[in-house]
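Q: To start, I am sharing the structure in question, which I have written as structure tokens.
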Amino acid sequence: MRIFWIIFGSIALGLGVLGIALPVLPTTPFVLLAAFCYARGSDRMHAWLLRNRVFGPMIADWQAEGAISARARTLAVGSMAGVFAISLAMGLPWQALLFQGIAMGGAASYVLTRPLPARDG
């Protein structure tokens, strides 16, 4: 099972890294999933991920408080709004816009209702 957790964690981390550049793909949930998988598959990879200067604080905030930083919230919700604006400008069919609006609205609601980390005040 260890190899399964390592492979699945690596796939999740790869998708999370892609999410940095692709606003449609969320970064945070995939990085958290990678931490979960690595914790079960490899102490070394889990420790590396927790020490990572980009992903480590995000994981620590989530594990300690179920919190998402103000910066991560702003980037996530801003990216979703930007993608929706581009979809509107492209003249996508109303059905696609409706689906996209519901999906991103739900995701934005979830992100915005998580607590801020204690260090963010």
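Q: Assess whether SER109 counts as being open to solvent by less than 60 Å² (accessible area, probe 1.4 Å) and either closer than 18 Å to ILE20 by Cα or among the small types (Gly, Ala, Ser) (or both).
A: Considered against the rule, which asks whether it is open to solvent by less than 60 Å² (accessible area, probe 1.4 Å) and either closer than 18 Å to ILE20 by Cα or among the small types (Gly, Ala, Ser) (or both), SER109 comes out as no.
Q: Can I ask one more? Conditions first: (1) under 30 Å from TRP5 (Cα atoms); (2) loosely packed, with under 13 Cβ neighbours inside 10 Å; (3) not acidic (Asp, Glu). GLY19 passes all but one, so which condition is the exception?
A: Condition not satisfied by GLY19: (2).
Q: Would you tally the residues in the stretch 112-121 being surrounded by 16 or more Cβ atoms within 10 Å (Cβ to Cβ) and either closer than 18 Å to PHE30 by Cα or hydroxyl-bearing (Ser, Thr, Tyr) (or both)?
A: Final tally of qualifying residues: 1.
Q: What about PHE4, is it in contact with a Gly (Cβ under 8 Å, 6 or more places away or on another chain) and either without any contact (Cβ under 8 Å) to a residue 12 or more places away in the chain or open to solvent by 80 Å² or more (accessible area, probe 1.4 Å) (or both)? Walk me through it before giving the result.
A: Values: in contact with a Gly (Cβ under 8 Å, 6 or more places away or on another chain): yes; either without any contact (Cβ under 8 Å) to a residue 12 or more places away in the chain or open to solvent by 80 Å² or more (accessible area, probe 1.4 Å) (or both): yes.
Spelling it out, PHE4 is indeed in contact with a Gly (Cβ under 8 Å, 6 or more places away or on another chain) and either without any contact (Cβ under 8 Å) to a residue 12 or more places away in the chain or open to solvent by 80 Å² or more (accessible area, probe 1.4 Å) (or both).
Q: Which residue is most open to solvent (accessible area, probe 1.4 Å), if the candidates are limited to the stretch 22-58 and must be over 10 Å from the mean Cα position of the chain (by Cα) and among the β-branched types (Val, Ile, Thr)?
A: The selected residue is VAL24.
Q: Further question: For GLY91, are the conditions met, namely being over 30 Å from ARG2 (Cβ atoms), part of a helix (DSSP H, G or I), small (Gly, Ala, Ser) and out of contact with any strand residue (DSSP E or B) (no Cβ under 9 Å at 6 or more places or on another chain)?
A: The answer is no for GLY91.
For every residue, the table says whether it meets (1) in contact (Cβ under 8 Å) with a residue 24 or more places away in the chain; (2) open to solvent by less than 80 Å² (accessible area, probe 1.4 Å).
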{"site": "ILE68", "(1), (2)": "yes, yes"}
{"site": "ARG73", "(1), (2)": "yes, yes"}
{"site": "MET80", "(1), (2)": "yes, yes"}
{"site": "SER87", "(1), (2)": "no, yes"}
{"site": "LEU92", "(1), (2)": "no, yes"}
{"site": "GLN95", "(1), (2)": "no, no"}
{"site": "GLN100", "(1), (2)": "no, yes"}
{"site": "ALA103", "(1), (2)": "no, yes"}
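Q: Same structure, new question: Collect the residues in the stretch 48-70 that are assigned to a helix (DSSP H, G or I) and either of a type in the set (Gly, Ala, Ser) or in contact with a strand residue (DSSP E or B) (Cβ under 8 Å, 6 or more places away or on another chain) (or both), keeping them in residue-number order.
A: GLY56, ALA60, ALA64, ALA70
The values are calculated or read from the model by the stated rules, or taken from the named source; none is laboratory data. Keep in mind that this is a model prediction, so the values were computed, not measured. Glycine also receives a Cβ, built like all others from the backbone with ideal geometry; neighbour counts cover every protein chain displayed. Remember, those area values only see protein heavy atoms, side chains included, never the ligands or the DNA or RNA. Shrake-Rupley method; radii C 1.70, N 1.55, O 1.52, S 1.80 Å.
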